[in-house]
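Just below is one structure, and these are the notes that go with it.
The values are calculated or read from the model by the stated rules, or taken from the named source; none is laboratory data. No experiment lies behind these values; they were computed from the predicted model shown. Note that we place each Cβ from the backbone using ideal geometry, even for glycine, and neighbour counts take in every protein chain shown. What goes into the accessible areas is simple: the full protein's heavy atoms, side chains included, and nothing from ligands, DNA or RNA. Shrake-Rupley method; radii C 1.70, N 1.55, O 1.52, S 1.80 Å.
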Amino acid sequence: MRRIPLMMAPGLLACFLGACTTLVPDPPEPAPSTQANAQPLPLPGDCPQAGAVEPVKGIAAGTDAQIAADLLAAVGRWTNAGTAMVTNEPAWIGPGVRGHCLADLAEALGRIYGPVLFAGNADETLASFRSEVVQENLANLKTAQEQGRATDAKRELVLIQQSSQSESGTFLNLVVRRFESGSIQPAGMETWFVIVGPPESQNLVFHLERKASPHGSFSW
């Protein structure tokens, strides 16, 4: 609503009493477009073209718990990436899609999500973890195409067993509960050993080791 100067108040009141004017709110400002920041998703020519994906969120600076939550949320978005597209875009629906296209899509998504989360000079644990998440994403893409709806697989933080922050970054030893898409029952428990760089490194992950943890805890 536009501001009305105080000196105009008596006249405005008289106008309302006389029903001579109706105030109209200012039109809402259009939401800023993120299309300019969207990242291209090139696929082989015999696959449906995926256009672009919205900017991928990384890990913000914060407390140990916030960093852990951001990391798990980012991995969750990665594992479900593209599942809405393959169930909503006509070109991806039906038997005409080549068998290799979902795998190509998962790899392309990995090339976008990976650099936002992982440091380029990190150790070999991240290559292994990236491969595992790409395979999880591929499994969810196949599930989404079969079921006709996007997936919502996720991981939840159960416990921070150990943590510390310094100028060198953040160390986290986490117990994580994993849920498959559509399920309210945990599919398993995992222990994560994570080293996240300092804020000036954009909080990129330098080390991420994951182990199955049947009893919900693990001694490092």
Looking at (1) among the hydrophobic types (A, V, I, L, M, F, W, C); (2) assigned to a helix (DSSP H, G or I); (3) touching a Gly at 6+ places or on another chain (Cβ under 9 Å), which one does L159 not meet, given that it meets all the others? (2)
Determine whether E190 is under 14 Å from A61 (Cβ atoms), of a type in the set (D, E, K, R) and either crowded, with 16+ Cβ neighbours inside 10 Å or more than 21 Å from the chain's Cα centre (by Cα) (or both). no
Given (1) of a type in the set (G, A, S); (2) surrounded by fewer than 19 Cβ atoms within 10 Å (Cβ to Cβ); (3) under 15 Å from the mean Cα position of the chain (by Cα), index of the condition A106 fails: (2)
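Here's the yes/no breakdown for (1) at pLDDT below 95; (2) in a helix (DSSP H, G or I); (3) under 23 Å from S163 (Cβ atoms):
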{"residue": "V75", "(1), (2), (3)": "no, yes, yes"}
{"residue": "V97", "(1), (2), (3)": "yes, no, no"}
{"residue": "D104", "(1), (2), (3)": "no, yes, no"}
{"residue": "E107", "(1), (2), (3)": "no, yes, no"}
{"residue": "R111", "(1), (2), (3)": "yes, yes, no"}
{"residue": "L141", "(1), (2), (3)": "no, yes, no"}
Taking the residues in segment 119-150 that are among the hydroxyl-bearing types (S, T, Y) and free of Cβ contacts under 8 Å to residues at least 40 places away in the same chain as candidates, determine which candidate is surrounded by the fewest Cβ atoms within 10 Å (Cβ to Cβ). S131
Return yes when V194 is touching a Pro at 6+ places or on another chain (Cβ under 9 Å) and outside any loop (DSSP other than H, G, I, E, B) and no when it is not. no
From (1) open to solvent by 90 Å² or more (accessible area, probe 1.4 Å); (2) at pLDDT below 75; (3) within 25 Å of R155 (Cβ to Cβ); (4) polar (S, T, N, Q), pick out the condition that doesn't hold for Q39. (1)
Give the residue that is nearest to G58 (Cα to Cα), with candidates limited to residues of segment 81-95 that are open to solvent by less than 30 Å² (accessible area, probe 1.4 Å) and assigned to a loop (DSSP other than H, G, I, E, B). A81
Quick test for you: out of R178, R155, pick the one residue that is charged (D, E, K, R), open to solvent by 50 Å² or more (accessible area, probe 1.4 Å) and under 21 Å from the mean Cα position of the chain (by Cα). R178
I'm told Q185 meets every condition in (1) over 17 Å from F118 (Cβ atoms); (2) open to solvent by less than 20 Å² (accessible area, probe 1.4 Å) except one. Can you identify the failing condition by its number? (2)
